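Trainee: Sharing a structure, written as structure tokens. Questions coming.
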Ligand code: AMP
Ligand code: ZN
């Protein structure tokens, strides 16, 4: 197998075959093209990249770090310690901390346990099980809440995440089937703020495949954390099997889905207007936000 660009021996093939250096060049060029096309970065931006320690968010942080000198923006990393031993451990924090130190990026960490005001010995998983809400949904709700609150309070104007074409394709099908069109409408490379307290989102890896991110961190010698992906998330569901089946027949399937999503405009029935939570002041469409409701249910202050 030969590299399509330089004809040397290829190391990877996702859609096209590439050698190591041509792959890195091609991958970075594709991300830069997306950033320019959707004007994801402006001079003077303060961007907070959410890093779990996995291949996707570290690839995102690596690319953004390399672009600081060209686009002239400030970059920092936030890791949220979810406090579930099967999803994260002390090595995750260390891996991200040294990644940031080597690249001169400010590193912040916040912990679910501190926010919830519970003891170090409390098992977060057991705590979450006490509500009827699925664990993943509670975890996602808290992550989104803390990420936005932290970014705003620390003065960032954009949040970057490592969401890639695989996440978005799966998310698209799941939400289309359950008719959550308002969620799909928000899944773009750039989601502008919809409330003065909500920070805009950018997704620079919108057109990158999970396997490409893996190859990128490998070729760039970036250490990733062992447990960086939620252990519940790792359980494959029928969507993963279905999408894999299509992928085998059409390797460009996910890329075509996300590129299509970039263009379509979904008109949703007017969302309920956002206001501020009566308890914490964070934006919500209800009187009391879902995080405060959750805390009340568990009698947490
Ligand atoms: P996931 O929902 O786990 O696929 O993660 C999607 C994106 O959310 C990742 O690419 C990260 O940018 C961000 N993210 C997920 N988990 C964390 C975490 N524990 N700390 C900071 N960012 C996270
Ligand atoms: Zn609240």
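Just so you know, all these numbers are worked out from the coordinates, no wet-lab data involved. Remember, it's a predicted structure, so these values are computed and weren't measured experimentally. Quick reminder, even Gly has a Cβ in these numbers, built from the backbone with ideal geometry, and neighbours come from all protein chains shown.
Trainee: When the chain is modelled as a GNM with alpha-carbon springs shorter than 10 Å, which of 253, 171, 245 fluctuates the most?
Mentor: Looking only at 253, 171, 245, the largest GNM fluctuation is found for 245.
Trainee: Taking the 0 to 90 degree range and rounding to the nearest ten, how far is the long axis of helix 253-263 tilted relative to the main principal axis of the chain, both from C-alpha atoms?
Mentor: 60 degrees
Trainee: Have a look at 274, 58, 147 and tell me which one the Gaussian network model of the chain (Cα, springs below 10 Å) gives the largest fluctuation.
Mentor: Looking only at 274, 58, 147, the biggest GNM fluctuation is shown by 274.
Trainee: Sort 32, 203, 132 so that the residue with the fewest other Cβ atoms within 10 Å of its own Cβ comes first and the one with the most comes last.
Mentor: Least to most surrounded, the residues fall as 132, 32, 203.
Trainee: Right, something else. Antiparallel as a % of all DSSP beta bridges within region 20-269, to the nearest 5?
Mentor: Around 10 percent antiparallel, to the nearest 5.
Trainee: Indicate the gyration tensor shape class of region 78-209 (rounded, prolate or oblate), computed on the Cα atoms with a ≥ b ≥ c the square roots of the eigenvalues: a/c under 1.5 is rounded; otherwise a/b larger than b/c is prolate and the rest oblate. Before the final figure, lay out each step's value.
Mentor: Working: a/c = 1.57, a/b = 1.16, b/c = 1.35.
Because a/c hits 1.5 or more and a/b fails to exceed b/c, region 78-209 counts as oblate.
Trainee: Looking at the chain from every direction and averaging, what is the projected area of its Cα convex hull in nm²?
Mentor: Average of the hull's projected areas for the chain equals 16.4 nm².
Trainee: If you don't mind, there's one more thing I want to ask. Helix 210-219 sits at what angle to the longest principal axis of the chain, using alpha carbons and giving 0 to 90 degrees rounded to 10?
Mentor: 70 degrees
Trainee: On C-alpha positions alone, give me the angle between the axis of helix 20-37 and the longest principal axis of the chain, in degrees, nearest 10.
Mentor: 50 degrees
Trainee: Now a separate question. At q = 0.17, 0.21, 0.22 Å⁻¹, what log₁₀ I(q)/I(0) does a Debye calculation on the Cα points of region 1-145 give, no solvent, two decimals?
Mentor: Here log10 of I(q) over I(0) equals -1.03, -1.22, -1.27.
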